[in-house]
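Some notes on the structure that comes next.
Computed from the coordinates by the stated procedures, all read-outs in this text should not be read as laboratory data. Predicted model only: the values in this text are computed from it and were never measured. Cβ sites come from the backbone with ideal geometry, for glycine too, and all protein chains shown count toward neighbours.
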C-alpha cells in the first residue's frame, strides 16, 4: 500500500505539512468474509487515489490532506463500496465485505455527522425515489393517458417530499454550520434553496469555510442569482456554443418570442420533451420564435452527441460546468427541464412552461400552424 498520497490541488505534502500531524489521515479497515489479497481502492472524484491489499480481513490507508475531503472505499472487481469523509484522525471501519455500504465507522467526528444527516433523510428519500420510479413506470406510452391524474398526484407527492428533504438538509446546515458536510450540502442544494436561504445559511459559516473552493462557488451563486420573475425584464448572459464561440442570449433572441430552455443530455424528461419543442420550433421559427438551449452537461462529447442524436435545430450553449452553469444561477434553476419564455420586448411572460401551454401562446399571438 502507498504510505502517502500526493495529488495536485487535493493533497499537499511538504516539509511544513510533515511537521503537522493533524494533516495526516489514517484509515484502518476490518472486513468479514473477504479473501486475502483482495484489493480495496480509495477513490476521490471518480479517480483511484490509492489501493490496499487485504490481509486477514484487514486493510489500511494513510495520506496527507489539505482539508477534510469526501471519498469512497471500493472493493475492486465488485460493486461494494462505502462513502466516507477523510479527516486528520484515525478512522476505523468494520463490517461485512458483501455489505460494505452498511459498515460501521468510528473515531471520526465528520462521519458521525454524516450518519446523522443520512438517518434524518432516509425515510423521505426512500419515498421520493420510489415515487419517482412509479411515475416513470406510469409515463410509459401504454399508461400515460389513462393514468394522467394519478401521475399528477404522484408528482405533487414528490414536490412535497423534495420540500421536506430541503428542509431537513437546511436544518442540519444550521445546526452544524462549520462542518465540511454542511458546506458540501449547501453547494449542492443552493439552486434548490434559492438565493435568500442560501445566503442566510452561508452567513452562519466561519471564514475558513467561506474561503474554500466550494465556499467561493456559493458566494458566486449568491452574487449572480437574480431570479427575475414573470413580468420582469430578462437578464442577458453569454456562453460558448459547440464551436467555442461566445454567444449572448440577445444575439440570437427571436423577433416575437424566445424560449431559454435549460436541459442536459443525461436528463430523461428533457430528452422526452424535445420532440414537442422541435415541432413548435419548426412551425413558428419563421414567425420569429426562437429557442436557445442551455445545457447542464459537463461532458462536451455527451452534449454534442445528444444535440446530434435528437437533431436539435436551435442554438445550443453550455459552459460544460454541469449544474454550476452561470445562466442557471441567474434564473435559480434547480430542477431541469426548466425554461424562461421572453416576448419581443424582453419581458419574461412564463417560467417552466409546458409544450401545450407554449403552443397555446404561440397560436394565440402568431396564428395556428
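Couple of notes before you dig in:
- Calculated FRET efficiency for the pair residue 188/residue 134, C-beta based, R₀ 25 Å, to 0.05: 0.50
- Rounded to the nearest 500, the 222 nm mean residue ellipticity of the chain from helices alone is -13000 deg cm²/dmol, with -39,500 (n - 2.57) taken per DSSP H run of at least 4 residues.
- Cα-based helix-to-principal-axis angle, 355-366 vs the chain, degrees rounded to 10: 30
- At full extension, residue 334 and residue 305 could sit 8.1 nm farther apart than now, given 0.36 nm per residue minus the alpha carbon distance.
- Relative contact order, whole percent, for the range 110-224 stands at 23, derived from Cα pairs under 8 Å and 6 or more residues apart.
- Between 0 and 90°, nearest 10: helix 300-310 axis offset from the chain longest Cα axis: 40
- Computed lengthening from residue 150 to residue 118, 0.36 nm per intervening residue step minus Cα-Cα distance: 8.6 nm
- For the chain, the relative contact order works out to 11 percent when only alpha carbon pairs closer than 8 Å and six or more residues apart are counted.
- Nearest 10 degrees, 0 to 90: helix 180-203 Cα axis against the chain principal axis: 30
- By the count of neighbouring beta-carbon atoms within 10 Å, fewest first, 134, 272, 161 end up ordered 272, 134, 161.
- Rounded FRET efficiency, nearest 0.05, which uses the C-beta distance separating residue 109 from residue 46 and R0 of 35 Å: 0.85
- The structure shown yields Rg and Dmax of the Cα atoms in Å, and of the options (i) 24.1, 76; (ii) 19.8, 62; (iii) 25.6, 82 that calculated value carries the label (i).
- Peptides 59-65, 92-98, 260-266, 76-82 ordered by average Cβ neighbours within 10 Å, highest first: 260-266, 59-65, 92-98, 76-82
- 18 Å reach of a label modelled at residue 349, 7 Å along Cα-to-Cβ, counting backbone N of the range 256-271: 256-261
- Potential extension, residue 271-residue 127 segment - 0.36 nm per residue separation minus Cα distance: 49.4 nm
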